[in-house]
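The values are calculated or read from the model by the stated rules, or taken from the named source; none is laboratory data. Quick caveat, the model's predicted, so the values are computed rather than measured. With ideal geometry, Cβ positions are generated from the backbone for all residues, glycine too; neighbour counts draw on all protein chains shown. For the accessible areas, the whole protein counts, side chains as well, though only heavy atoms, and no ligand, DNA or RNA atoms are used. Shrake-Rupley method; radii C 1.70, N 1.55, O 1.52, S 1.80 Å.
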Amino acid sequence: MSTYNKLSDSQLLEILALSADPIAIYIGEDIIIQSANNAMLKAWGRDKQVIGKSLIDALPEISNQPFFGMLQKVWHTGIDDIGKAIKADLFVDEKLSTYYFDYSYLAIKNSDGNVYAIMHTAKDVTEKVLSLEVLQKAREKEEAFLREQALNEELATSNEALHNAQEHLHKLNVDLEDRVQIRTAALTKSESRLRYLLADAPIAIAVFTSEELIIESANKKVLEAWGKTAEIIGKPLGMALPELVGQSFLPILKEVFRSGEPYFGNEIKALLEQNGKIEEVYCNFVYQPIKDEKGNTSSIMLTANLVTEQVLARHNIQQLNEELSVINEELSESQEKLLAMNRDLKASETRLDQILSELPTPVVVLLGENQVVSNPNNSILQFWKKTREEVVGKPMLSIFPELAEQPFPKIWKQVYETGDKVIRREKPVYFNNADTGRQLYYVDYYYQPLHDLDGNRIGILATVIDVTDKLEARKMVEQAETKLRFAIDSSQLGTWYIDTQTREFIPSLRLKQIFGFYESEEMDFTAATKLITEEYLDIVVEAVNNAMYKGDKFDMEYTITTLHDRKIKWIRATGKLYEADGSRTANFSGTIQDITERKLEEQRKDDFLSIASHELKTPITSLKGSLQLLNKFRENLSNPIVPKLVDQANGSVVKITNLIDDLLNTTRTNEGQLHLNKTKFSISEMLDTCCNHVRMGGKHDLIVQGDNDLQILADEARIDQVVVNLVNNAAKYAPHSRAIYLIIETLADQVKISIKDNGPGIAAEKIPHLFDRYYRADYSGTQYSGLGLGLYISSEIIKRHGGSIGVDSELGKGSTFWFTIPIS
Ligand code: ADP
């Protein structure tokens, strides 16, 4: 093979330019026409001047056709673009005509693979395309004709249906129009109703149109909230409410306009002019965009609710809450302190409880108005004979129902209600003991009101001390003392007490009386000793000292001269030294007895005995004389002196017998052995026959006066004895009274017998003693013999008959001794 010089690119291109088919070469992304052969220039309808120009400048008509872009794509991508029958509108022969080309845009690349030129070849296939188009059109026409024919037939048939349908449609239309009309009317109505509703709605409603926010409508509520009238309708919001400028609302509304999104405001603060000044109000509101049929926001509806009050209230509540939380903190702090205190309290309470429970005094706390038992200590449980479980937490009356009828519930109530404490001593209380039944105790009780820290009364602190034993012991002592005092009183004993240390002398009232002191007068030991008669003073003082300091027995009888009336009294004093014991100091104490009466009695007895001896001695001496003489004449009984001596002896024996009778009667009377033998008898007969010895004596005339027929029921012998006694006395003590009157008187159911003489009478001071035993008005004298027993025995006999005896007498005026006895 031979070697040829390689053709240059431009040579190659010139060769190509000779081709009958249109060829063009472009370079660069601006598709600069490097070369174009005549066929191409002819196709373009241009000359060689287009060479060097950008294709788009060369063929401006292609600017809105795809070719330039297709070429640029090939330049950039290096990928060939080959196609058939592409349509191109070109300005050829001064007119724009349509051509069709098969074409190829080939990317020419260098050795590196970079595109450095595009080769454009084209083949005009316009005629072919156009004839094909004509053919196609003719075919299409034919097809269309055929189709039209078929359609025409179809149309003819469907025309009728169409007509029917048209009628139906017309009807529907009419119907629809009617409905639309009704609907429109309803809508109008509902709209007006809506407007009316909105106008009076309780929420604020306004509508703003356009971005200028023209107030299209505003109901009463919103006007009210704004503080404006309906005059603002039609004005821009910013002008109507200038105070809104600078607040957030206007920008938000604009944003709603722009975005078409609703905006919800919750409790938003607004500053609005109300009554000429700016007020702070809070509202919940919605900006709702209203859109036209195209979806554009045409207006905004504002609905708002004023919640100022709620918000302020909530703010207040919040503030309150904050304050509360502060208080809470303080509270919790103080609660902690309280807790601490409580712990302390608890501790001391426990301590207190322990102390309470160990306390030997019975103590219990009674809580509330029902006296619920709390904190009973061991001592009170022991007293109650109950366990802690049996009583704690229970009201007193449910534990001890028997207390209900006793005074305690009333006292508890009083203490609980008034807060005054109550102290009572030695009060009886009954408990129903399971074993022993109803049992009596004596208690000292102290009820003290109990208060809590705030001073509220919560109950009673009760202290109850069982003093039953103590009281019973004391009662026994008291009883013994009472008995002793009774014994002392009835024995008329005076008592005295001398403290051996201080020599303090304590006399009883009776002692003072015995010594002649007045009740109110002081009587010390010296004053007492001063009254002791001289003959006894020394021995009494000595005996007292011996008893007091040596413990000698002290029992003395001595005389005193009483303080004021200076009477001599006989005293018996006894005493004993009591050594000091726990309760008292050493003392010398004892009794004083007025024994004057006894001493006088003894005196009288002594006197009586001497008198009785003397009285008996006289008739016995005379009897003895008579018997001695009779003894002389025993050999010569015919001596006339003998009968005289016998009479004398008899007389003496009668006297002795009488004396012995008196003595016997006295003894019997004393021993209560004076028995009565009652019979009915005539009192005047009895008086007539008694005392014959006096009548026979011839010295006195016994004159019986009064009711001669009176019969009485009595012991005749005893009544006779009384009358004899009184008549004998009259004869004895009124020897010169010739007449002695025996007078019978009837007094209702009694008979009164009086023995009246005209003797010397009896001194007034002696009269009260006449009927005493052994009493003789003038016993010292020997003028009248007697035992002083006659009147005593008489009075006893009359008393036994249920009658009385007495004397009416005056010195120098005679005496009338009388007695009364019941007639039957
Ligand atoms: P007696 O006659 O044994 O002394 P009575 O008891 O009979 O005892 O009398 C007591 C006293 O009363 C007498 O001692 C006497 O002083 C006085 N008396 C009694 N009767 C009379 C009288 N008719 N006139 C005056 N004195 C009288």
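Give, in nm to one decimal, the length gained when the segment between Thr502 and Lys567 is fully stretched (0.36 nm per residue of separation minus the Cα-Cα distance).
Values: separation 65, 0.36 × 65 = 23.40 nm, distance 3.10 nm.
Length gained between Thr502 and Lys567: 20.3 nm.
So what's the gap between the Cα centers of the range 67-97 and the range 451-501, to the nearest angstrom?
150
What order, most packed first, do the peptides 707-716, 63-72 have when packing is the mean number of other Cβ atoms within 10 Å of each residue?
707-716, 63-72
Counting only protein heavy atoms and a 1.4 Å probe, tell me what percentage of the chain's accessible area is made up of carbon and sulfur.
Exposed carbon and sulfur together represent 54 percent of the surface.
Collect residues whose amide H, placed 1.01 Å from N in the peptide plane, falls under 5 Å from the amide H of Ile823; neighbours closer than 5 in sequence don't count.
Placed amide hydrogens put Gln750, Val751 under 5 Å from Ile823.
Pull out a ≥ b ≥ c, the square roots of the eigenvalues of the alpha-carbon gyration tensor of the range 708-824, then state rounded if a/c is under 1.5, prolate if not and a/b is larger than b/c, and oblate in the remaining case.
On the way: a/c = 1.94, a/b = 1.53, b/c = 1.27.
Prolate shape, in that a/c is at least 1.5 and a/b is the bigger ratio.
Could you work out the helix-only [θ] at 222 nm for the chain, with each DSSP H run of four or more residues adding -39,500 (n - 2.57) and the total divided by the number of residues, to the nearest 500 deg cm²/dmol?
Mean residue ellipticity at 222 nm (helix-derived): -14500 deg cm²/dmol.
If you take every residue apart from Pro407 with its C-beta less than 15 Å away from the C-beta of Pro407, what net charge results, scoring Lys and Arg +1 and Asp and Glu -1? Mind showing how you got there, number by number?
Numbers: positive: Lys410, Lys413, Arg424, Arg425, Lys427; negative: Glu402, Glu405, Glu426, Asp444.
Summing Lys/Arg as +1 and Asp/Glu as -1 gives +1.
Can you give the FRET efficiency to the nearest 0.05 for Arg485 and Leu627, using r as the Cβ-Cβ distance and R₀ = 60 Å?
My answer for the efficiency is 0.45.
Return one quarter of the surface area of the convex hull spanned by the alpha-carbon atoms of the range 558-623, equal to its mean projected area, in nm².
7.6
Distance in nm between label sites at Leu710 and Glu243, each 7 Å beyond Cα in the beta-carbon direction?
Computed distance between label sites Leu710 and Glu243 equals 13.8 nm.
If you average the C-alpha positions of the range 217-239 and of the range 636-655 separately, how far apart do those two centres end up, in angstrom?
For the range 217-239 versus the range 636-655, the Cα centre distance is 177 Å.
Mind ranking Lys605, Lys512 by accessible surface for me, highest first, 1.4 Å probe?
Lys605, Lys512
Taking 7 Å along the Cα-to-C-beta vector as the label spot, tell me the Glu478-Ala347 distance in nanometres, rounded to one decimal.
Going by the 7 Å Cα→Cβ label model, 5.0 nm.
If you filter the range 263-343 for trypsin sites (Lys or Arg not before Pro), then keep DSSP loop positions with at most 11 other Cβ within 10 Å, what is left?
Hits after loop and neighbour filter: Lys294.
Quick check: net charge around Ile703, other residues with Cβ under 13 Å of its Cβ, Lys/Arg +1 and Asp/Glu -1?
Net charge in that neighbourhood comes out at 0.
Which whole-Hz ³J(HN,Hα) couplings does the range 510-525 yield from phi under the Karplus relation 6.51 cos²θ - 1.76 cosθ + 1.60, θ = phi - 60°, glycine and proline marked x?
4, 4, 4, 4, 4, 7, x, 7, 6, 4, 7, 7, 6, 9, 9, 4
Output wanted: per-residue J couplings in Hz (rounded whole) for the range 751-756, from phi through Karplus 6.51 cos²θ - 1.76 cosθ + 1.60, θ = phi - 60°, x for Gly and Pro.
Coupling constants for the range 751-756: 10, 10, 10, 10, 10, 10 Hz.
What residues have an amide H closer than 5 Å to that of Asp707, excluding those fewer than 5 places away on the same chain, when H is modeled at 1.01 Å from N in the peptide plane?
For Asp707, whose amide H was placed from the backbone, the distant partners under 5 Å are Ile744.
State the Cα centre-to-centre distance between the range 247-264 and the range 555-629 in whole Å.
143
I want the local charge near Gln288. Using Cβ-Cβ distances under 14 Å, sum +1 for each Lys or Arg and -1 for each Asp or Glu among the other residues. Provide the component values of the computation, followed by the final result.
Values: positive: Lys291; negative: Glu216, Glu255, Glu261.
Local charge sum for Gln288: -2.
Roughly how compact is the chain, stated as its Cα Rg over 2.2 N^0.38 Å to two decimals?
Normalised by 2.2 N^0.38 Å, the Cα Rg of the chain equals 2.96.
Compute the orientation-averaged projected area for the range 284-431 from the convex hull of its Cα atoms and round it to one decimal in nm².
19.5
Viscosity 0.692 mPa s, temperature 37 °C: what is the translational diffusion coefficient of the range 391-520 from Stokes-Einstein with a Kirkwood Rh over Cα pairs, rounded to a whole number of µm²/s?
Here the translational diffusion coefficient equals 171 µm²/s.
For Thr98 and Thr157, what does the FRET efficiency come to when R0 = 30 Å and r is the distance between their Cβ atoms, rounded to the nearest 0.05?
With R0 = 30 Å, the Cβ-Cβ based efficiency is 0.10.
Quick one: which of 788-795, 501-508 comes out on top by average Cβ neighbours within 10 Å, and what's the full order, highest first?
Highest-to-lowest ranking by the protection proxy: 788-795, 501-508.
Could I have the simple spin-label model distance between Lys413 and Lys48, label points 7 Å from Cα toward Cβ, reported in nm to one decimal?
Going by the 7 Å Cα→Cβ label model, 15.0 nm.
Using a 1.4 angstrom probe, figure out how much accessible area the chain has per residue, in square angstrom, rounded to the nearest whole.
62
Thr229 to Ile703: extension gain in nm, 0.36 nm per residue of separation minus the Cα-Cα distance?
Gain on stretching Thr229 to Ile703: 155.2 nm.
Could you go through the range 425-438 in sequence order and give the Karplus-derived ³J(HN,Hα) for each residue, using 6.51 cos²θ - 1.76 cosθ + 1.60 with θ = phi - 60°, rounded to whole Hz, and x for Gly and Pro?
Residue by residue, the range 425-438 yields 10, 6, 9, x, 9, 9, 10, 8, 8, 4, 8, 9, x, 5 Hz.
How much length is gained if the chain between Lys87 and His736 is pulled fully straight, taking 0.36 nm per residue apart and subtracting their Cα-Cα distance, in nm to one decimal? Working shown, then result.
Numbers: separation 649, 0.36 × 649 = 233.64 nm, distance 21.88 nm.
So the chain would gain 211.8 nm between Lys87 and His736.
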